[in-house]
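Scroll down for the structure; my scribbles are underneath it.
The values are calculated or read from the model by the stated rules, or taken from the named source; none is laboratory data. Note that the structure is a prediction, hence the values are computed from the model and not measured. Cβ placement follows ideal geometry from the backbone for every residue including glycine, while neighbour counts extend to all protein chains displayed. The area values use the complete protein model at the heavy-atom level, side chains included, leaving out ligands, DNA and RNA. Shrake-Rupley method; radii C 1.70, N 1.55, O 1.52, S 1.80 Å.
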Amino acid sequence: LALGACGPARESTTERASLIISGVTSPSPDDDAVVLLRHLASATETICSAILVAPNLVVTARHCVSYGIEGTYQCSVTGELVEGPDGGGHIGADVPAAAIEIHVGEVASASPAAFGKQVVSTLSLTSCIDDLAFVVLDQPLKATASSIRLGKQTRPGESVTLIGYGKQDNGPLDWHTNPRKKLLGPTIAAVGPDSAQGGVPMLVPRSFEIKGPSACEGDSGGPALSQKTGALVGTYSNKNSGNCTNPDIVHTYVNISPFERLALQAFAAAGAEPLREAPGLPMGDVCQEADDCERGDCATGSDGTLRCTVACGSVAPCQAGYSCVAVADAGGKICMQDAPPSCPCGAPTCAACDAGSLAPVPAPNDGGCTLVRGQSRPGVWQGACLAALAALARRPRSRGPLTCRRAYSRRRASSRCPTCIRTAG
């Protein structure tokens, strides 16, 4: 294939109906935000999964609510479609919203609980990239809507829960009798970039992968939920094998977070506000793992403590107070907080006086550090001055007595911080 030189291509199947392999029952009412989506607008019945993110709004895969060509195809790492012999992978216009049925319950209800009213999608022309759609419903559902990840980075290693109505163990798909299933604990193996700009990506932009048997036909459009927060982080798009029990199977999910603008458009159409995932920790805060952090990674800082940070590079510089450095346990360059300035006297063991700050030394040949406290406390700064005096007395170059006086600054008329200074005579 011509695209082979750019990176590995993967064969996918567009058998659109997708139950969770080796999963457990997904009970009502706990998981009733996950619903079955069905339509007959195409030549054959389309069965997919979806999730409620507002009482009258669901998220699913775009290929679940659009006209398309069934068949096998390949996707390059840049998200470009490579047609198979049957021309699969192409998707066209959205189907009429009113043709979309929503069925609810642990075993999907025989009659629709709601119909589509409006489709808000990426309008992507292939299943390879941006395979995402929101469907506004004609009436609200009773289930509790899921929270959604918008803006926060999704990272490799995050544990998720997968839920759907698809088939199991390569058996037949019968949505009338197959119960909803879920699989707890698979981890995100890799995450694609938010943009294809800046070089050839290693994974389809705005997607992530989960490896090993899990989802199958009929789970398309179904959610990947953060095990930590329960928020929706991805929707199932395609796989690289027609055998769902293949131990080497790789599943591709659309990464929801980069689509904040589209999501807000869909919520506005539904007249609803998104229930956002609880924010993570900000840059510099102590963390335990990457998904503790709002913006990205959790890495060991210069002080040996795990802190929140973010990947960086020539096109993504660090904010003020941080430098872009290579760190072994981060697998690339990340923003690390700049070390505090060293002691003005230059000695590596010179510490601040009683946890205070160190003032500049105007005369390098004056013979020692100037000690400044952040506040005046009788007995403490006097003791610091006596200690400095004793140290200076032991130095052969020391000359002149040392006394404690109020320090003055050009920026302030006076300072309450007492300073040890040398006096004439």
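Could you tally the net charge around Pro112, taking each other residue with its Cβ under 11 Å from the Cβ of Pro112, Lys/Arg +1 and Asp/Glu -1? Working shown, then result.
On the way: positive: Arg38; negative: Glu101, Asp138.
Local net charge: -1.
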Query raised in the report: Does anything in segment 86-113 have its amide N under 18 Å from the 7 Å Cα→Cβ label point of Val24, and if so which residues?
Result: 106-107
Report summary line: Given a Förster distance of 25 Å, the FRET efficiency implied by the Cβ-Cβ spacing of Asp194 and Glu83, rounded to the nearest 0.05, works out to 0.40
Query raised in the report: Leu123 to Ser323: extension gain in nm, 0.36 nm per residue of separation minus the Cα-Cα distance?
Result: 68.1 nm
Query - Environment charge of Arg149, counting only residues whose C-beta is closer than 15 Å and scoring Lys/Arg +1, Asp/Glu -1 - result: 0
**Report entry** Debye-sum result for segment 285-330 in log10 I(q)/I(0), which assumes one identical scatterer on each alpha carbon, at q = 0.17, 0.20, 0.25 Å⁻¹
**Finding:** -0.45, -0.63, -0.97
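Pairs Lys117/Lys239; Lys182/Lys211; Lys142/Lys181; Lys117/Lys142: which exceed 25 Å Cα-Cα?
On the way: Lys117/Lys239 29 Å; Lys182/Lys211 16 Å; Lys142/Lys181 20 Å; Lys117/Lys142 17 Å.
In this structure, Lys117/Lys239 lie more than 25 Å apart at Cα.
I need the calculated FRET efficiency for the pair Ser302 and Ala98, taking r as the beta carbon distance and R₀ as 56 Å, to the nearest 0.05. It would help to have the intermediate numbers written out before the result.
Values: r = 60 Å, r/R0 = 1.06.
Between Ser302 and Ala98 the formula returns 0.40.
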Report task. Rank by packing, highest mean first: peptides 160-168, 130-138, 313-321, with packing defined as the count of other Cβ atoms within 10 Å averaged across residues. Result -> 160-168, 130-138, 313-321
Report summary line: Interchain or sequence-distant (5+) residues whose placed amide H lies within less than 5 Å of the amide H of Ser66 are Val95
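Based on alpha-carbon positions alone, could you give the equivalent ellipsoid semi-axes of segment 123-205 from the gyration tensor, as √(5λ), descending, whole Å? List each step's numbers first, then the result.
Numbers: eigenvalues 155, 72, 53 Å².
Working through the eigenvalues yields semi-axes of 28, 19, 16 Å.
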**Report entry** For segment 176-318: span of alpha carbons on each principal axis (Å, largest first)
**Finding:** 56, 42, 31
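Can you order the peptides 82-94, 44-56 by their average number of other Cβ atoms within 10 Å per residue, highest first? Could the numbers behind the result be given before it?
Numbers: 82-94: 16.7, 44-56: 23.5.
Result, highest mean first: 44-56, 82-94.
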Query raised in the report: How do the peptides 218-230, 263-275, 62-74, 143-155 rank, highest first, by the average count of neighbouring beta carbon atoms within 10 Å per residue?
Result: 218-230, 62-74, 143-155, 263-275
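Local charge sum around Ser26 (other residues, Cβ-Cβ under 11 Å, Lys/Arg +1, Asp/Glu -1)?
Working: positive: Arg180, Lys181, Lys182; negative: Asp30, Asp31, Asp32, Glu106.
After counting each charged neighbour, the total is -1.
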Query raised in the report: Taking only the alpha carbons of segment 35-109, what extent do you get along each of the three principal axes, in Å, biggest first?
Result: 38, 27, 23
Query raised in the report: Which value results when the Cα radius of gyration for segment 95-253 is divided by 2.2 N^0.38 Å?
Result: 1.07
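Can you tell me the accessible area per residue over segment 204-317, all protein chains present, probe 1.4 angstrom, in square angstrom?
For segment 204-317, the per-residue accessible area is 39 Å².
Quick check: at a probe of 1.4 Å, how many percent of the accessible area of segment 196-330 sits on carbon and sulfur atoms?
Values: 3050 of 5880 Å².
Percent of accessible area from carbon and sulfur atoms in segment 196-330: 52.
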Query raised in the report: Roughly how many nanometres apart are two label points built 7 Å out from the Cα toward the Cβ at Glu260 and Met202?
Result: 2.5
Report task. Evaluate E = 1/(1 + (r/R0)^6) for Thr44 and Leu275, where r is the Cβ-Cβ distance and R0 equals 51 Å; express this FRET efficiency to the nearest 0.05. Result -> 0.90
Report summary line: Carbon plus sulfur, as percent of the 1.4 Å-probe accessible area of segment 61-174, comes to 54
